[in-house]
Amino acid sequence: MIKVNNVSMRFNLGIEKNFSLKVFFINLFKSKKNKPKKEMFWALKDVQFEVEKGEVVGFIGSNGAGKSTMLKVIAGVMKPTKGNVEVYGNICPMIELGAGFDMELTARENIFLNGAVLGYSKKFIEEKFDEIVEFSELKNFLDVPVRNFSSGMVARLAFSIATVVDPEILIVDEILSVGDIAFQKKSSNKMKSMIGGGTTVLFVSHSLTQIEEVCDKVVWLEHGKVQKIGPAKEICKEYYNTQMK
């Protein structure tokens, strides 16, 4: 269902650090010798693996290992510098919850806005509106601007919109650790029900317990490279032991 073929992803840190009009004009008058050097950072290096239909695959590794970048490449949010990804099936990416929200609009308005961003029709959202509101438990806040929401409330609303359909491929990046305990449990149960329905899941979490609980296999990344791929419990145990040294 998903084939990652020798994917590499490079970022120019120099551009990120100096991206301002002021610095741009200063650099125009600098000599080539004094201009800042480009700092190339490879977030991913020749990553290759396959995910079968219905598999639940976890991604582990230290901060900066390339986990989130890998998911964004698979979701089509980023185009790899080298290699390619073949995806067969519709994707529901839950990478940055609330990224498609307008904070000045109300929750009611953002349901339709974010739904459109995710590719849902207005008619579909109207049909699913009550279901979204019920799951989010934000009925009393529908006409409140989202800028007044806590991060947990934003997560509730975004998660409820994103999971209103059962996608063939679900991409989840750390969202189960967002919000209060009740929401974490509710979102976890929702994800498990989607898994039970045959959805293919790619899951990033720093919680090895969560990874072991829901995943069939694990891709362990460090410094953008695949360290190991294998059964969840086996790879998580090995990863944990290396972190404890």
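Since every read-out is calculated from the coordinates, none of them should be taken as a lab result. As the structure is a prediction and not an experimental result, all values here were calculated from the model. Using ideal geometry, Cβ is built from the backbone for each residue, glycine included, and neighbour counts are taken over all protein chains shown.
The table below gives the values:
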read-out	value
Contour minus Cα-Cα distance for I181 and N6 (0.36 nm per residue)	59.1 nm
Segment 190-220-segment 54-91 distance, computed between alpha-carbon centres (Å)	14
Net charge, L71 excluded, C-beta distance under 11 Å - Lys, Arg +1, Asp, Glu -1	-1
Extension gain (nm, one decimal) between I229 and T81, 0.36 nm per residue minus Cα-Cα	51.0 nm
Förster radius 51 Å - calculated FRET efficiency between E109 and Q48, Cβ distance, rounded to 0.05	0.75
L44 long-range amide H proximity, modeled H, under 5 Å	M9
Förster radius 45 Å - calculated FRET efficiency between K139 and N241 (Cβ-Cβ, nearest 0.05)	0.45
Net charge of neighbours whose Cβ lies under 9 Å from the Cβ of V219, counting Lys and Arg as +1 and Asp and Glu as -1	+3
Contact order relative to length of segment 100-165, as percent, for alpha carbon pairs under 8 angstrom and 6 or more apart	44
Computed over the chain: relative contact order in percent, which uses C-alpha pairs under 8 Å that are six or more apart	27
Neighbourhood charge, 14 Å Cβ-Cβ cut-off, centred on G54 and excluding it, Lys, Arg +1 and Asp, Glu -1	-3
Longest site-free stretch - the chain; sites: chymotrypsin sites (Phe, Trp or Tyr not before Pro), DSSP loop, at most 16 other Cβ within 10 Å	89-245
Calculated [θ] (222 nm, deg cm²/dmol) that DSSP helices of n ≥ 4 give over the chain, each run adding -39,500 (n - 2.57)	-11500 deg cm²/dmol
Cα gyration tensor, segment 100-165 - rounded (a/c under 1.5), prolate or oblate	prolate
Set K82/K190; K45/K237; K186/K228; K53/K233 screened for pairs whose C-alpha atoms are more than 26 Å apart	K82/K190; K186/K228
Segment 173-226, relative contact order [Cα under 8 Å, separation at least 6], %	31
Long-range amide H partners of V219 with built H, under 5 Å	G58, F59, I60
